[in-house]
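The values are calculated or read from the model by the stated rules, or taken from the named source; none is laboratory data. Please read these numbers as outputs of a predicted model, since none were measured by experiment. Cβ placement follows ideal geometry from the backbone for every residue including glycine, while neighbour counts extend to all protein chains displayed. We work out accessible area using only protein heavy atoms, side chains counted, and drop any ligands, DNA or RNA first. Shrake-Rupley method; radii C 1.70, N 1.55, O 1.52, S 1.80 Å.
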Amino acid sequence: MHTVTPAGSQPARSDERGSSPGGKSPVTAGTRVAVAGATGYTGQELLRLLGRHPAVTVTAATSSGTSGTALRRLPALARIWDGEIVPLSTDGLAGMADLIFLALPDKAAAEIAPSLVDAGVRVIDLSGAFRLRDETARARWYPETHAVPTGVAYGLTELDRTNVRAARLVANPGCYPTASLLALAPLVAAGLLLADADIIVDAKSGVSGAGKTPTERTHFSECHGNLSAYGVFNHRHAAEIEQGLRGSANLTFTPHLVPLDRGLMATIYVRVAPGTTEAALGDLYEGAYRNETFVRLTGGAMPEIKQVAHTNFCDIGWRVDPSGRAILVSVIDNLLKGASGQAVQNMNVMLGLDDRTGLL
């Protein structure tokens, strides 16, 4: 019988977690970081995390736009970071920090990121502008992205740590792909999914995933007490999930909006070889994530959103029947592990720090 990682515990970690590129000593306190787009939900979460991070100094935070005067401080973050949020200035951004987080719309990130990389600044981009490697798929879903810098890594930290460590630009994954791929990737890597079998991802996310700009769909009166599907056969995160599946199966992805402020659950239906046991899947997951603090395995006890809200954890549970039908459930906080928390985790890897720094 395999042993799952109980909620709240931390697996043993290998020495690699604290190592830095090229064997150099980890970067110490004082690394300059900036947040472009600090007024949105993910930008504010970034400031909250970075403001208390022991190894970095926040030197600048900007809005998402270039017009207007300096904005007021963010009262909710006053005890952590009391600097002003200033209008975005593309000319001066490169000189503000050694590493810059872009919490900007896709078009703005696509325009700004290449010049920052050319100027020698390391970038973590929370938009979707650089997530897709296939040029045709990128042209369909992110037509504003005309140039992709060299040294781009897809920042699903647990699955691409080596490339993240050396990257000049990290494309932070979307929230739905994060939850889905962390559950599916070990099965794909092990070849356990039946050939040509469907993968069905039934995913539900809190309303903060739609961003801070108010719309009729996200108005309290519209979403409270309601559940709605959206982006059916037409959501860009499907292409991102398919990219991570390496073309191994047919994907059907349907996202839903639930009346929560934060949190995301992906219920995933797959087929594995008949006779595959839950214990065998448990052994597979434990092998994949033994040294990963932020992935917790619950086995047959299906995880819930409340267990991960306001944390950087991804909790994964699974059940299998004798015919080979398997149900995987993966839950994250869409603003943290699905966005800002994972961005800080990627920063830690890029700077040669322990993943957990500033996140626990």
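Would it be correct to say that Gly151 is touching a helix residue (DSSP H, G or I) at 6+ places or on another chain (Cβ under 9 Å), in contact (Cβ under 8 Å) with a residue 24 or more places away in the chain and open to solvent by less than 10 Å² (accessible area, probe 1.4 Å)?
no
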Problem - Residue, nearest to Ala34 (Cα to Cα), within region 90-119, restricted to residues that are open to solvent by less than 50 Å² (accessible area, probe 1.4 Å), outside any helix (DSSP H, G or I) and of a type in the set (Gly, Ala, Ser) - result: Ala97
Practice task
Would you please name the residue that is modelled with the highest pLDDT, looking only at residues in region 20-38 that are open to solvent by less than 50 Å² (accessible area, probe 1.4 Å) and more than 19 Å from Gly95 (Cα to Cα)?
Solution key: Ser20
Problem - region 39-81: number of residues that are modelled with pLDDT of 90 or more, part of a loop (DSSP other than H, G, I, E, B) and open to solvent by less than 40 Å² (accessible area, probe 1.4 Å) - result: 2
Exercise for the section: Just one of (1) surrounded by 24 or more Cβ atoms within 10 Å (Cβ to Cβ); (2) more than 14 Å from the chain's Cα centre (by Cα); (3) of a type outside the set (A, V, I, L, M, F, W, C) trips up Arg356, so point out which. Expected result: (1)
Handout entry: Complete set of residues in region 261-278 that are surrounded by fewer than 16 Cβ atoms within 10 Å (Cβ to Cβ) and more than 13 Å from Leu192 (Cα to Cα)
Key = Asp261, Tyr269
Practice task
Identify all residues within region 338-353 that are outside any helix (DSSP H, G or I) and crowded, with 24+ Cβ neighbours inside 10 Å; write none if there are none.
Solution key: Gly338, Ala339, Leu353
Handout entry: Restricting region 201-224 to residues that are outside any loop (DSSP other than H, G, I, E, B) and open to solvent by 70 Å² or more (accessible area, probe 1.4 Å), the residue that is modelled with the lowest pLDDT
Key = Ser221
Fill in the blank from the handout: Residues of region 306-333 being among the aliphatic types (A, V, I, L, M) and either assigned to a strand (DSSP E or B) or open to solvent by less than 20 Å² (accessible area, probe 1.4 Å) (or both), in sequence order, are Val308, Ile316, Val320, Ala326, Ile327, Leu328, Val329, Val331, Ile332
Completion exercise
Checking Leu297, Leu281 in turn, the sole residue that is assigned to a strand (DSSP E or B) and surrounded by 16 or more Cβ atoms within 10 Å (Cβ to Cβ) turns out to be Leu297
Problem - Total residues in region 267-285, condition closer than 14 Å to Leu187 by Cβ and touching a Leu at 6+ places or on another chain (Cβ under 9 Å) - result: 12
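Here's the yes/no breakdown for (1) under 19 Å from Met347 (Cα atoms); (2) under 20 Å from the mean Cα position of the chain (by Cα):
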{"position": "Leu93", "(1), (2)": "yes, no"}
{"position": "Val123", "(1), (2)": "yes, yes"}
{"position": "Ala139", "(1), (2)": "no, no"}
{"position": "Gly151", "(1), (2)": "yes, yes"}
{"position": "Thr162", "(1), (2)": "yes, yes"}
Exercise for the section: Please go through region 183-198 and pick out each residue that is exposed (fewer than 14 other Cβ atoms within 10 Å of the Cβ) and part of a strand (DSSP E or B). Expected result: Asp198
Practice task
Return yes when Arg161 is open to solvent by 50 Å² or more (accessible area, probe 1.4 Å) and in contact (Cβ under 8 Å) with a residue 40 or more places away in the chain and no when it is not.
Solution key: no
Exercise for the section: Test Leu264 against the criterion of being closer than 25 Å to Val349 by Cβ and modelled with pLDDT of 95 or more, and give yes or no. Expected result: yes
